[in-house]
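The values are calculated or read from the model by the stated rules, or taken from the named source; none is laboratory data. Just so we're clear, the structure is a prediction, and the values are computed from it rather than from any experiment. In this analysis, Cβ positions are derived from the backbone assuming ideal geometry, glycine residues included, and neighbour counts consider all displayed protein chains. These accessible areas exclude ligands, DNA and RNA; they are computed on the full protein's heavy atoms, side chains included. Shrake-Rupley method; radii C 1.70, N 1.55, O 1.52, S 1.80 Å.
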Amino acid sequence: MVQAKDSNAIFFLTFFIIAACVFCICKFSGFSHETVKVNKMMIVFMAVCLVQIVIVVPIRFAIIALDLALWPAHHATITTDATARVETLMGNLRRELQSLKSQLMISERHRYEKLNVKYRMITAELLIFGRLFLVMLIFVLVIFDNLLYYNNTITKDLFERNHSGTVGLSNVFVLPKIYPFLETSIIKAFTDQSDSGGAAPWAHAEGTKMLGLARLRQLRALDRHVGLEDLEFDEKDYSEGWKLPYARESYTDKFWKIHQPWVMRESTVMDHILFRINHYGHFMSYPESIGYQNTLSDSRNKSLIIMRYLKRKNWLDRNTSALFIDFTLYNADGNVFSVCTLWLEQFPFGSSVTHMEVDSVVFVERMRDFSAFGMAVLFIFLICWLQFAKLFFVKVWFEPSRLRNIWTKLDAITLTLSVLLVAAMARRDKLVAKMIRELENSVNVEFVDFHRPLRFNDVVYVILGFTVALITMRLWRVMQFARSFQLFNKTLSRAGGTLISTFIVTVIFMMSIGTSAVITNGNFSPTVANLKAGIISVTCFSFGYSIALRDFIVCGRWLGIVLYAVLGFVVKALLLNMIMSMLERHLADAKTQRDRKNIHRITYWEFLRVEYADAINFIMKLFHWKRGYKRNNRTVAQNIRRKLYNRERIGPKAQMQKHLSLTFRSREPVDQKLHQLLYRERIERTLVVHAILRTQMELLERLKFGDEDGNLSDREEVDIDEEEMDPDPDPPPPSSTYQWPQGIIIN
């Protein structure tokens, strides 16, 4: 024991000396690292610690276990410990007194070991998941950057509206109008008049440049016939001017690919995995992984020549369904990458509608604006995650049957998502580093596709959101010790069937009304322009938002009024109120059923009060919350006499008030078992108090009249032994003659 204490003292002393030296070196040595370098060093340190804890330590212990299992060590000879502490009489009395004081708090209900084990597991899980949830929530708030929102808004505004010298995308109503937009807003806005090449500052923002080139990608329909089926996109290869058959010319791979605009895009396996997404337009959805693409050049004159060539060869014609303009902007002041996709959707009748997608992301030097508080939160999050992983693996290692439990599977999914999150972040950073090198070597003559790391960035945020959701669900499961949470779950389980059936009926009503509104008024109202918009509008109206009546009565006044009335009365007033009243009724039934059960066991808070009694008493004493005995300039006997007098004086009034209250309200049935349990606990506490007083008296006597070790003279020791051996001078009467209090049943 002494050696352990000495080793701990040496450890803390060494740690304090090292910390003091590091602080003095950093504070008074005269050198200072940049914030980015300090954050990177801390990230590397954290990564090394993580590898050490997760990989190296388990391997080391596995090797040690194999060594001990295959070559067991010889048992050491048993020797007596010369530094062992000798028990004394006074130490035993003090320890007995402390044990009796603890026993005073532990009643009969506190000795239900199965419930105590359950509460102890709840406490451990509540500490782990509660800390993990709070730290992850703070971490998400720390990494959130408001600058990205404003960058998106400003970039969209600059491309959408007309400005001095540029044409806005919102003014492109037909497909031929896209050429003036390309010339003014894409080519001239990012290049200068010299033909030297290289990206010039943006005309609207001096600190913003285009990385690489702008890419034009179009999707073409095989047949422009409008029918019930979706359009089929063309995937054949053509010669210039959309002529067949396609013939591959020489030197197309070495110089400007003159046939590239007429050849279908070659997609890799990674493209099919990352870009299996669709751009949803007003007419239909358009895939990302196919299309005929072409890139502009790095100078103004070359880009204008390419644009005139495409215009002369009718690269955009009536068969063009959608045109996508992809490029990436970099703001050096804010270290923000803006991955832009401006696209135009051409309807079969010749009109067009434009769309815009701008995603602002910080790809490089993300640690530059990371504060010290953010780094501390990251360290705490790592520690909490390691504790959570340790809790899971220890639980599964000693009890493999727990894997059948749904909540243990949920923990396994959470750990898996955490590993996938780290892998996606590593892959994103690797792709960004690769593209930065390509950007340095390409000298702005190639299209650098930053959509790839953007997709991984989206995957990172999706996985992070699912991880937070799973941890929230796990914390909800841990919070089931509270009666309010149990009542809510009981209500949902009781009302599950009726709630689902009523919800299905409500959804059928909303879909039918939305479909009817789209069929009758879809061509005249943007609120119900298509089926998705109609159902969304009807759903929003059901939950409190407003829809004008004129959106329903364009193609039939009375039919629109009937649909609006059914939507307002049946769906909004009747069905939703039915769901609320149903939940309220089941909640009342569950509460009545819960209150009817007499569960004679301690609550979770009573368990915590006993389990952490020392910490609670220390805090109460520290903040002076613990009530003490106040003499009020009177003796103990005077205070007792005063209290008994007040009780005798106020007693008849209290009895009268209790009698009056019982006459005006129904009398609840008396739980005899609970009264009996409380009576037994009261007797037990009385006996423990008697033992505490007797031990204190003996301790005081030995301190006052004994020697240094508490030993008394032989005569006094004999007197104490005789007092302990004598029976109680006032034994309780036999059970046949003793009158137990009314209402108490003794088995």
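So how many residues does the range 631-648 have that are at pLDDT 80 or above and open to solvent by 100 Å² or more (accessible area, probe 1.4 Å)?
Qualifying residue count, the range 631-648: 6.
Given the conditions (1) modelled with pLDDT under 80; (2) among the hydroxyl-bearing types (Ser, Thr, Tyr); (3) under 47 Å from the mean Cα position of the chain (by Cα), and given that Thr252 satisfies all but one, which numbered condition is not satisfied?
(3)
From the list Leu296, Leu304, exactly one residue is open to solvent by less than 40 Å² (accessible area, probe 1.4 Å), over 27 Å from Asn152 (Cβ atoms) and at pLDDT 85 or above. Which is it?
Checking each option against the conditions leaves just Leu304.
Do we have any residue at all in the range 236-248 that's modelled with pLDDT under 85 and hydrophobic (A, V, I, L, M, F, W, C)?
yes
From the list Leu487, Leu499, pick out the single residue that is in contact with a Lys or Arg (Cβ under 7 Å, 6 or more places away or on another chain), open to solvent by less than 60 Å² (accessible area, probe 1.4 Å) and either touching a residue at least 60 places away in the same chain (Cβ under 8 Å) or assigned to a helix (DSSP H, G or I) (or both).
Just one listed residue meets the conditions, Leu487.
For the range 155-185, enumerate the residues that are charged (D, E, K, R) and under 44 Å from the mean Cα position of the chain (by Cα).
Scanning the range 155-185 gives Lys156, Asp157, Glu160, Arg161.
Which one is farthest from Arg131 (Cα to Cα), of the residues in the range 352-406 that are among the hydroxyl-bearing types (Ser, Thr, Tyr) and open to solvent by 50 Å² or more (accessible area, probe 1.4 Å)?
That would be Ser401.
Look at the range 73-104 and say how many of its residues are open to solvent by 70 Å² or more (accessible area, probe 1.4 Å) and closer than 24 Å to Arg685 by Cα.
Matching residues across the range 73-104 total 6.
Hey, does the range 423-443 have a residue that's open to solvent by 20 Å² or more (accessible area, probe 1.4 Å), modelled with pLDDT under 85 and not in a helix (DSSP H, G or I)?
Looking through the range 423-443, at least one residue is open to solvent by 20 Å² or more (accessible area, probe 1.4 Å), modelled with pLDDT under 85 and not in a helix (DSSP H, G or I).
Can you work out which of the residues in the range 444-462 that are open to solvent by 50 Å² or more (accessible area, probe 1.4 Å) and part of a helix (DSSP H, G or I) is nearest to Ser267 (Cα to Cα)?
Arg452
Could you list, ordered by first residue, the pairs with Cβ atoms under 8 Å in which the first is in the range 40-51 and modelled with pLDDT of 80 or more and the second is not in a helix (DSSP H, G or I), at least 6 apart or interchain?
Correct list of pairs: empty, since none qualify.
Name the pairs whose Cβ atoms lie under 9 Å apart, with the first residue in the range 102-115 and in contact (Cβ under 8 Å) with a residue 12 or more places away in the chain and small (Gly, Ala, Ser), the second exposed (fewer than 14 other Cβ atoms within 10 Å of the Cβ) and outside any helix (DSSP H, G or I), and 6 or more positions between them or separate chains?
From residues that are in contact (Cβ under 8 Å) with a residue 12 or more places away in the chain and small (Gly, Ala, Ser), there are no pairs.
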